[in-house]
Amino acid sequence: MYRCEICNTVQPPRSRSVRVTTKSRATEYPSRPKANKLRIGRKTKQFDDPGGAGYEIAKEAVACPKCAHAHEVKRAAEEAEGLYDDDNSVTSGLDLSGVSAD
């Protein structure tokens with residue numbers, strides 16, 4: 001039994017909860033010399049961690065499966081809209097009138 005943080009309704013007992021990402025942020029991790037230690041035989045060798053860049057979760061919510069699915073569809077539509085707004089030549093020749101979201 002839990003309360004969905006998106007629709008704010010109490011869900012019945014034994015119903016699945018789904019964690020959905022509501023906000024994420026870009027991050028960059030610096031390299032760390034001699035961060036990982038690995039034992040080879042009796043000797044311990046130290047290896048470097050190269051670091052990197054990516055995205056991390058800034059905020060997440062507990063949701064019911066119905067709201068989680070609706071949130072994922074909405075997020076995918078917003079992401080696709082952001083990808084194709086800059087270049088109209090990609091979508092200019094497509095007729096999307098008969099395509100449904102389901």
**In the stretch 52-62, the residues that are loosely packed, with under 11 Cβ neighbours inside 10 Å and among the small types (G, A, S)** = G52, A53, G54
**Request:** State which residue is nearest to the chain's Cα centre (by Cα) when the search covers only the stretch 1-51 and only residues that are modelled with pLDDT under 90, aliphatic (A, V, I, L, M) and exposed (fewer than 10 other Cβ atoms within 10 Å of the Cβ).
**Result:** L38
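The values are calculated or read from the model by the stated rules, or taken from the named source; none is laboratory data. None of the values given here were measured: they were computed from a predicted structure. For neighbour counting, all protein chains shown are included, and Cβ atoms are generated from backbone atoms with ideal geometry for every residue, glycine included.
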